[in-house]
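Worksheet: the structure to be examined is printed underneath.
The values are calculated or read from the model by the stated rules, or taken from the named source; none is laboratory data. For clarity, every value in this text was computed on a predicted model and none was experimentally measured. Note: ideal-geometry Cβ built from the backbone for every residue, glycine included; neighbour counts use all protein chains shown.
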Amino acid sequence: MIKGFYAAVSGMIVNAMRQNVLAHNIANMQTPGFKQVLTTVEDFTHTEVDYSPGNLLRDPAPAPVGMLGLGAQYGPEFVDFAQGGLMMTGNLYDLAIQGDGFFRVQTPDGLRYTRDGRFLRDAQNNLVTIEGYPVLSMGNQPIRLPEGDFNVRPDGTITVNGAVVAQLGLSRFQNPAAELSRAGGNLFAGPAQSTAQGTVQVTQGALEMSNANPTRLMTEMVEVARSYEAAQKMVQNQDELLGKAIASLGRIG
């Protein structure tokens with residue numbers, strides 16, 4: 001009976017954690033460059049179930065009949081790096097990557113990668129993210145912009161008044177889900193060097209939007225809420241059964 005408690009409570013805990021992740025995804029549905037987080041659920045542990053036919057004194061060795069699950073546990077999280085839709089903004093400092101690839105930015109914690117192309121020119125004429133982090137060139141140097149007509153070619157080459165100023169630091173990874181880890185906001189930490197060959201295409205005056213699907217997220221929220229309620233009812237049922245068992249044993253004594 002106590003095992004039933006464990007299984008039901010583990011279900012509540014797992015669904016509460018999944019609900020938090022879904023809420024995070026929903027809150028960022030309008031955040032440019034956001035990549036939704038996917039959750040997994042695993043078996044917690046198993047215990048062997050034995051059966052002894054007949055008299056225990058005569059046949060003391062029970063025969064194993066299988067394994068009994070003791071509930072669920074929250075599994076690893078995965079970032080979905082699928083491409084989000086492009087939204088044209090007309091802002092020359094908005095940049096979007098089509099296909100694979102990430103912008104490089106410098107943060108107080110080191111080199112980071114992002115798909116969020118909401119860039120700005122700061123007071124020192126550096127190209128920066130909306131958080132103020134310097135956007136890096138292919139040589140991993142901050143990009144300083146002279147005054148003038150700012151333009152970005154599809155290969156990431158930056159020109160001002162037609163003169164080449166720098167080339168955006170763009171990185172591709174063979175397996176982003178395995179090589180990159182979330183580092184807060186829209187940033188990812190990973191290897192210092194690209195692990196995949198190929199070119200990255202940049203679109204100026206556009207932003208890649210979140211890849212979170214509103215319909216799917218709302219459906220999942222409902223499913224998780226129902227699973228939580230079902231596990232909660234199981235806990236209540238187990239509590240009632242345990243109370244009845246204790247009362248019965250008290251009368252027998």
Exercise for the section: Pairs only if they're at least six apart or on different chains, beta carbon under 7 angstrom, first in the range 83-99 and in a loop (DSSP other than H, G, I, E, B), second among the β-branched types (Val, Ile, Thr); list them, first residue then second. Expected result: GLY99/VAL200
Practice task
Inspect the range 168-176 for any residue being basic (Lys, Arg) and either modelled with pLDDT of 90 or more or in contact with a Pro (Cβ under 8 Å, 6 or more places away or on another chain) (or both) and give the result as yes or no.
Solution key: yes
Practice task
Give the number of residues within the range 192-231 that are modelled with pLDDT under 90, among the small types (Gly, Ala, Ser) and out of contact with any strand residue (DSSP E or B) (no Cβ under 7 Å at 6 or more places or on another chain).
Solution key: 6
Completion exercise
Filtering the range 100-149 for residues that are among the small types (Gly, Ala, Ser) and at positive phi leaves a count of 4
Exercise for the section: From the list THR157, THR89, pick out the single residue that is of a type in the set (Ser, Thr, Tyr) and within 25 Å of ALA196 (Cβ to Cβ). Expected result: THR157
Handout entry: Top-ranked residue in the range 152-180 [being part of a loop (DSSP other than H, G, I, E, B) and free of Cβ contacts under 8 Å to residues at least 60 places away in the same chain; ranked as surrounded by the most Cβ atoms within 10 Å (Cβ to Cβ)]
Key = GLY156
Problem - Residue in the range 77-100 that is out of contact with any strand residue (DSSP E or B) (no Cβ under 8 Å at 6 or more places or on another chain), surrounded by 14 or more Cβ atoms within 10 Å (Cβ to Cβ), modelled with pLDDT under 80 and not hydrophobic (A, V, I, L, M, F, W, C) present - result: no
Exercise for the section: Filter the range 181-212 for residues that are free of Cβ contacts under 8 Å to residues at least 24 places away in the same chain, surrounded by fewer than 16 Cβ atoms within 10 Å (Cβ to Cβ) and assigned to a loop (DSSP other than H, G, I, E, B) and give the result. Expected result: GLY184, PRO191, GLN193, THR195
